[in-house]
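FYI, it's all coordinate maths here, none of it is from the lab. This structure is a prediction, so every number in the text was calculated from the model and none was measured. Glycine gets a Cβ as well: all are built from the backbone with ideal geometry, and neighbour counts include every protein chain shown.
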Amino acid sequence: MEAIESNPKISLHTRTNSFPTAPHPLVSQFEDHLNRLKSSDSSSSSSSLRYKLSGLQDLQDYHDKLLQLSTARQVFAQDCSQKCVDELLDGSLRLLDICSTAKDCLEQSKESVYEVQSAIRRRGAEAAFTVGAGNYLASRKNVKKAVRKTLGNIKEIRNQFIVSSATKEHDMLGMLKEAEAVTVSTLESLLYFISDPKGQSKQSRWSAISKLMQPKRVACDSQELSTNEFEKADTTLKSLISGKKASMDNIQGHLENLEMCIQDLEIKVECLSRKLVRTRVSLLNIFNH
């Protein structure tokens, strides 16, 4: 967060006239929760992602409550230019778009897992469900294609965060943009988890968002990234398609683990999406008055 911290107007540790000397408790709660998310574990396991997604849900709760404060509304009325309004509204819409992609990819992945599991139950033998495995891998290609497109859009969003961080603006507005950056970064990790686990090493090294918010964190080596549930299922089914022998128990175990993983992530993303919609409605209500 070098660019942000160098600007006293948007530093979370040096308050300006944004709030009274003794700010509303919600302001401190929002700030503390935001800082915890920024300093959270950089690992990309399913458990870590579930924790971060739950943290984002709580952050959105604080975010929405913060927007209800009369002080916050005064800030928007007095200090928020039309450009700032557009940035905040566009940002809320971008987050919903990224969430939508994640939900669609998780749903498609879950359906393909069910198809393979159904084939196993109907036919039993490995050779009998290679078609199901083939359909699963074809579905995975479609998922990865959709994710790559969204990740490309996220790269453009990063540049906007960098430009925004160098622009003097109201302290509260900077804090809200940091929250957006943290949310984008976590959703980006989720998309890599779904489509390209090895790509997360690139994200940790080269992500401008990570550099913006966590300049002192050492980039993790790709060897530190544990194989996730998607990769285990992919590898096992690819081996099956190629004619290699595989244990039925092993295959079913990987598919069951992946199914539970997807279900947990779906619940987290759906809940986050609903909270993002609520926050967007609050912003629209403020700016339309």
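Counting beta carbons within 10 Å around each of 136, 62 and listing the fewest first gives the order 62, 136.
Fewest-first ordering of 227, 71, 186 by other beta carbons within 10 Å of each residue's beta carbon gives 227, 71, 186. Spacing of the modelled spin labels on residue 138 and residue 47, each 7 Å from Cα toward Cβ, amounts to 3.7 nm.
By counting other Cβ atoms within 10 Å of each Cβ, how are 99, 105, 80 ranked from fewest to most?
Working: 99 21, 105 25, 80 18.
Starting with the residue having the fewest Cβ neighbours, the order is 80, 99, 105.
Measuring against 29 Å, Cα to Cα, the residue pairs 52/238; 155/244; 103/177 contain 52/238; 155/244 as the ones spanning a longer distance.
Within a straight-line Cα-Cα reach of under 13 Å, residue 145 can be paired with the following aspartates and glutamates, leaving aside sequence neighbours fewer than 8 residues apart in one chain: 104, 196.
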